Amino acid sequence: MKRYWFLLALVFGCAQGATAGEVEDLLVRIREGQAELRNWELEIPAVQAERDFTIRGKTEKGTFVTFHHDNSTLVAWENRRLCLNPTEAFGVEKTATSGQYALLFQFGNKQPGNKMEESFREAVGKRHLLHRPLTAAVQSSTVLDVLNRPGFKAGSLTRDGTDLVTLHYSRALPDQSDVVIDRGMLTFSTGNQYLLTRFEYELPVKPGEKSRPLRGVMTRKFTSRNGRPVVTEASQVLSSTPADSGDNTTKVRYTYPAQGASPDEFRLEHYLPPPPVLDVYEDRPPFNWRLWGGIGVSCIALSVLLTWWVRRKRSQT
C-alpha cells in the first residue's frame, strides 16, 4: 500500500509539480526545436500530402505537393501554384480556357510588416497542415502561433516516459469574461527536436451559458529519414457539443519524392512571362513611294525649268 501511494505521489508530482523555471526552460527548448525543424523542412525537396476530409459522412480527397528550394516554398494544389520566396509572395492559377496562368495575388518584401508571409498563409488557409508537416499544429496554426497567442498561459507539465512531454495551457479569450477560456495540451517528442505529436484543445465558441465548446484533437506519426524525423501521417478530429455541420475528420498521409521542382518554378516570371517588346514604329504608316517619288520628280523638273529661265535672261542681256 505504501508503494502504491508513493507511485501515485510521484505521478502527481510530475504532473503538477513543475516549477516556473522548468516551464520557461521547456518553452525555450520548444521554440529552438521548432526553428530547427523548420530549417530541416526547408531542406526537403518535395513533400506530397494526400488528404481525406470527411464531413457529414461524405469524404473528399485531395493531393497537395510542396517544394522547397533556397529558402522558398512552393505549394502545388490542383491548378494553382502558391509561392513564398525571400523577395515576394505570389499565387497563380491556370485557366481552363486558355491553359495560361493568371495572377491571383502578389506581394513584395517591401510591404509593411510581415505582409508577404501573411498573405501566403491566408491563401493557403486551412491547408497549412498539409504543406508544413513538421511544424504545423492544427489547421492554419503552428506551434509558435499557439505559444504566441495573446493571453497564453503555460500551466503544468506531464511526462510520458523518457521521450514525450506534455504542456498544458490556458488562454482567456479577448474581450470576454474570464470564464470563457481556451484550454489545451501540446505533446512533444523531446528526443526529436520537440516535434509535435499530439495537440488537444477545447475552445468555447460563444460566451455565457450558451457556450458551445469546440474540441480538436490532432495526432501525428513520424519516422526517421537520414537521421532526422519526418511526419508520415497526421489525423485531426474536430467536434462540438451539440454536434453541428462544422464537425469533421481529416487524415493526411505524407510521402517524400526525391524529385523537386526546378528553380525557375519559384519565380513569378516562370508562370507569367513578360509581355513581348513592341516595335515603337509599329503604328507608323507605311512609306508612300508614289507620293515622295512624284515630289522628287517635280522638284527636279522645277530646278531644270528654273535653270533654263535664268540662262535665258542672261542671254537676253
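The values are calculated or read from the model by the stated rules, or taken from the named source; none is laboratory data. On a predicted model such as this, the values are computed, not experimentally measured, just so you know. Methodologically, a virtual Cβ is constructed for each residue, glycine included, from the backbone with ideal geometry; neighbour enumeration extends over all protein chains shown. SASA here: full protein model, heavy atoms, side chains in, ligands and nucleic acids out. Shrake-Rupley method; radii C 1.70, N 1.55, O 1.52, S 1.80 Å.
Residue count for the stretch 14-32 under the criterion of being in contact with a strand residue (DSSP E or B) (Cβ under 6 Å, 6 or more places away or on another chain), modelled with pLDDT under 90 and either basic (Lys, Arg) or part of a helix (DSSP H, G or I) (or both): the result is 3. What is the one condition in (1) exposed (fewer than 11 other Cβ atoms within 10 Å of the Cβ); (2) at pLDDT 75 or above; (3) on the phi > 0 side of the Ramachandran plot that Gln193 does not satisfy? Going through (1) exposed (fewer than 11 other Cβ atoms within 10 Å of the Cβ); (2) at pLDDT 75 or above; (3) on the phi > 0 side of the Ramachandran plot one by one, Gln193 breaks only (1). Determine, yes or no, whether Lys153 is open to solvent by 60 Å² or more (accessible area, probe 1.4 Å) and either at pLDDT below 85 or on the phi > 0 side of the Ramachandran plot (or both). No. Tell me, which residue of the stretch 236-253 that is open to solvent by 30 Å² or more (accessible area, probe 1.4 Å) and outside any loop (DSSP other than H, G, I, E, B) is farthest from Ala49 (Cα to Cα)? This residue is Ser239. Residues in the stretch 50-76 that are open to solvent by 60 Å² or more (accessible area, probe 1.4 Å) and touching an Asp or Glu at 6+ places or on another chain (Cβ under 7 Å): Thr59, Lys61, Thr63.
A residue that is modelled with pLDDT of 90 or more and assigned to a strand (DSSP E or B) occurs somewhere in the stretch 254-270. Annotation note: Cβ proximity below 6 Å between a residue of the stretch 143-156 that is in a strand (DSSP E or B) and a residue that is charged (D, E, K, R) (sequence gap 6+ or interchain) occurs for Phe152/Arg171. Scanning the stretch 226-245 for residues that are small (Gly, Ala, Ser), within 18 Å of Gly216 (Cβ to Cβ) and free of Cβ contacts under 8 Å to residues at least 40 places away in the same chain gives Ser235, Ser239, Ser240, Ala243. When the residues of the stretch 37-65 are filtered to those that are among the acidic types (Asp, Glu) and within 18 Å of the chain's Cα centre (by Cα), which remaining residue is nearest to Val252 (Cα to Cα)? The residue in question is Glu50. Residue-level check: of (1) modelled with pLDDT under 95; (2) touching a helix residue (DSSP H, G or I) at 6+ places or on another chain (Cβ under 8 Å); (3) over 19 Å from Val252 (Cβ atoms), Thr142 misses just (3). Can you find a residue that is under 19 Å from Gln236 (Cα atoms), small (Gly, Ala, Ser) and modelled with pLDDT of 90 or more anywhere in the stretch 79-93? Looking through the stretch 79-93, none of the residues is under 19 Å from Gln236 (Cα atoms), small (Gly, Ala, Ser) and modelled with pLDDT of 90 or more. In summary, Glu118 fulfils each of the numbered conditions (1) of a type outside the set (Ser, Thr, Tyr); (2) in contact with an Asp or Glu (Cβ under 8 Å, 6 or more places away or on another chain); (3) surrounded by fewer than 16 Cβ atoms within 10 Å (Cβ to Cβ); (4) modelled with pLDDT under 90 with the single exception of condition (2). Within the stretch 91-105, restricting attention to residues that are outside any strand (DSSP E or B) and small (Gly, Ala, Ser), the residue that is most open to solvent (accessible area, probe 1.4 Å) is Ala96.
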